[in-house]
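Structure first, commentary second.
The values are calculated or read from the model by the stated rules, or taken from the named source; none is laboratory data. Since we're looking at a predicted model, the values are computed, not measured. Methodologically, a virtual Cβ is constructed for each residue, glycine included, from the backbone with ideal geometry; neighbour enumeration extends over all protein chains shown. We work out accessible area using only protein heavy atoms, side chains counted, and drop any ligands, DNA or RNA first. Shrake-Rupley method; radii C 1.70, N 1.55, O 1.52, S 1.80 Å.
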Amino acid sequence: MLKRIAELDRSLEQALVVAEDAQEEARLLAADRIQLEEEMTAQRHEIAALRERLTALETRRAELLDALADAEQRLNTLRRDESHLSEELQTSYEELQVLTEELEEANADLEQRVEERTAQLTESERRFRTLFEAMDEGFLLADVLFDGDRPVDVLYLEMNPAARRMAGEDYVGRRLREISPAFEDYWYEVFGRAARDGEPTRTELYAGPLEKWISFYVFKVGAPEQRRIAVIFRDVTERKQTQEQLKQAKETAEAANRAKTKFLAAASHDLRQPIQAASLYAHVLLGSVGADPVAQESLSRLKASIDSLNGMLSGLLDLSRLEAGVIEVSVTDFAPTALMTRLAEEFRGVAEASSIDLRCRPGRLAVSTDPHLLERLLRNLLSNAIAHGRPKDTDGRGRVLFGCRRRADGVEFQVWDNGPGIPEDAREAIFEEFRQLKNPERNATQGFGLGLSIVSRLARLLGVEVALRSRVGSGSVFSVTVPHARKPEAGAAAVPAVRREPRLKGRTVLLVEDDEQVRRSMTMMLKRWGLRVVAVSSAGELAATLPSLRRPHVVLTDYRLPGGDSGRSVVELVRQRWPVPGIIITGDTAPERLREAMSLGCRLLHKPVLPADLAGALGEVMPS
């Protein structure tokens with residue numbers, strides 16, 4: 001047993017030795033293994049690097065192969081291009097030889113053409129020089145000299161003979177200020193703009209040193225940096241003198257026209273004074289003659305004579321008012337039915353007395369215009385048609401049609417007649433003042449030649465045109481087209497009628513009138529209307545009477561008064577005490593009177609004043 005144990009112990013010792021040896025061997029093996037693994041890792045990295053190099057080499061090899069193939073291809077291309085280039089060089093050489101021959105031929109042709117062109121230019125220069133020398137207009141070249149941007153002088157380079165003739169001397173090589181320092185500054189300004197800015201100018205200027213008017217065209221010539229100009233000019237002094245003469249003639253004509261207006265104003269004033277007195281006395285006599293036929297006939301003839309004179313003066317007054325420009329246009333929408341009907345009724349009696357059938361066809365279409373001015377225009381057309389619309393040298397009745405028709409641009413008012421008609425060459429003259437075609441004897445029953453002139457001026461004031469259609473032997477038609485109403489629903493009301501019968505009884509009128517006959521007749525008529533009248537003959541008498549007067553309801557005064565006083569001074573004198581309305585009566589048709597009355601806020605009536613007009617004016621200005 002012990003032996004077994006000893007054996008076991010030896011075995012165990014041996015086993016332990018073996019185990020230790022094995023452990024040492026295992027340790028060594030592990031160290032070897034680690035070394036081998038490190039070597040294998042290094043070899044793997046080396047192999048990977050070799051593989052990468054191999055891959056790069058293969059890539060490089062492929063690139064080299066591609067480059068070699070490309071080089072071979074380019075070499076082949078170059079060989080082909082070399083072959084083609086050789087062929088092209090050969091062709092080009094052959095073409096160059098042909099072109100050389102053609103160039104030699106062209107050069108010879110060009111030399112010939114240059115010679116021909118030189119000859120042409122020489123001829124053109126000769127012709128230009130001939131034209132330059134012979135032209136009527138002056139022509140010059142000049143350099144404009146500047147101080148900074150300011151033109152200070154002009155150096156003349158070339159002038160044609162016409163320029164030298166107009167200037168009176170040769171300016172070439174000389175400066176304008178050297179020639180004459182008196183040349184106006186505007187010459188330098190115009191020439192400077194053309195030279196500096198390239199701004200051409202066509203104008204007319206006066207050259208003081210030459211005492212001539214010059215019409216010229218100046219423009220820039222030469223290189224952009226040059227300040228050179230060319231001037232084409234001519235002497236227009238004679239034309240300017242003619243224009244000045246025409247201007248003076250126009251001013252003389254206008255002065256004559258103003259003198260005519262003043263003459264008409266003065267003449268109408270002197271005539272209106274006795275006519276005014278006669279008209280007022282006739283009105284007073286109306287209630288006094290009773291049934292005596294002789295007295296009635298005499299009064300009727302007297303009234304007809306007064307009306308004839310009044311008609312002429314009223315025409316002059318209308319012309320004066322239109323020339324004065326004091327008539328204001330008041331446009332409104334209205335239907336002209338009542339206006340046309342009233343005009344037809346007004347002229348029906350006159351037409352019957354002249355053996356003329358007057359028919360009216362009023363329209364219902366509303367228009368937009370000044371109703372009062374339209375009424376005056378149509379009244380004159382009707383009066384003209386009745387006065388001249390009867391057939392010549394016949395016993396037949398005349399016919400006048402007064403109507404209106406719709407048009408695209410408005411309503412056309414028409415006045416037709418079957419009279420003798422108007423020749424083509426007289427259709428403008430009939431609209432002039434005092435022009436009558438068939439009245440050489442100046443028969444007052446046929447008017448005074450003012451009606452159509454007033455129609456023409458009223459039409460211009462309203463912005464419409466008067467149209468005329470006429471046939472000699474068959475009659476005429478005058479027409480005006482007025483715009484449609486701005487509001488389609490415009491009412492049918494006509495022009496409001498002026499009150500002719502105001503309630504005047506018991507009112508006080510302060511009357512200032514220097515003409516004794518007019519003052520008397522006016523006082524008689526006013527008193528018959530039931531008015532109280534305080535009448536004086538001058539502004540001085542009024543000033544003496546004024547402190548003892550009670551306030552009047554209205555001042556009624558003549559315009560022209562003794563001592564240089566006027567209706568204006570009368571109204572201003574009375575208004576220093578009371579703010580009363582004023583009516584100024586005058587026989588003066590001068591435009592200034594109209595403007596003066598408007599500035600005072602007064603009504604202006606012209607002699608001879610119809611009683612109905614005076615009554616209407618009194619009723620309008622006096623407070624109720």
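At-a-glance table
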| read-out | value |
| --- | --- |
| H388 surrounded by fewer than 21 Cβ atoms within 10 Å (Cβ to Cβ) and not small (G, A, S) | no |
| Subset of segment 190-235 [closer than 14 Å to D149 by Cα and among the small types (G, A, S)] | G192, A194, A195, G198 |
| Residues within segment 463-472 that are out of contact with any Lys or Arg (no Cβ under 8 Å at 6 or more places or on another chain), open to solvent by 30 Å² or more (accessible area, probe 1.4 Å) and either under 21 Å from D333 (Cβ atoms) or not basic (K, R) (or both), tallied | 5 |
| Residue ID - least open to solvent (accessible area, probe 1.4 Å), chosen from residues in segment 491-515 that are farther than 20 Å from P581 by Cα and at pLDDT below 85 | V495 |
| Pairs with Cβ under 8 Å, 6+ apart, first in segment 442-469 and in a strand (DSSP E or B), second open to solvent by 40 Å² or more (accessible area, probe 1.4 Å) and at pLDDT 75 or above | A467/T481 |
| Total residues in segment 536-558, condition among the aliphatic types (A, V, I, L, M), open to solvent by 40 Å² or more (accessible area, probe 1.4 Å) and touching a helix residue (DSSP H, G or I) at 6+ places or on another chain (Cβ under 7 Å) | 1 |
| Filtered residue count, segment 568-601, keeping only those that are in contact with a helix residue (DSSP H, G or I) (Cβ under 8 Å, 6 or more places away or on another chain), at pLDDT 90 or above and open to solvent by less than 50 Å² (accessible area, probe 1.4 Å) | 10 |
| Contacts under 7 angstrom Cβ, first residue in segment 503-531 being on the phi < 0 side of the Ramachandran plot and polar (S, T, N, Q), partner open to solvent by 20 Å² or more (accessible area, probe 1.4 Å) and modelled with pLDDT of 90 or more, 6 or more apart | T508/R532; T508/V534; T508/H553; T523/V533; T523/A535 |
| Segment 345-385, subset aliphatic (A, V, I, L, M), open to solvent by less than 10 Å² (accessible area, probe 1.4 Å) and modelled with pLDDT of 85 or more, residue farthest from S456 (Cα to Cα) | I356 |
| Those residues of segment 606-621 which are outside any helix (DSSP H, G or I) and buried (at least 20 other Cβ atoms within 10 Å of the Cβ), in sequence order | H606, K607, P608, V609 |
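Let's see how each residue does on (1) open to solvent by 60 Å² or more (accessible area, probe 1.4 Å); (2) at pLDDT 85 or above; (3) not in a helix (DSSP H, G or I):
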{"residue": "L140", "(1), (2), (3)": "no, yes, yes"}
{"residue": "D143", "(1), (2), (3)": "no, yes, yes"}
{"residue": "F146", "(1), (2), (3)": "no, yes, yes"}
{"residue": "V152", "(1), (2), (3)": "no, yes, yes"}
{"residue": "Y156", "(1), (2), (3)": "no, yes, yes"}
{"residue": "A163", "(1), (2), (3)": "no, no, no"}
{"residue": "Y171", "(1), (2), (3)": "no, yes, yes"}
{"residue": "E178", "(1), (2), (3)": "yes, yes, no"}
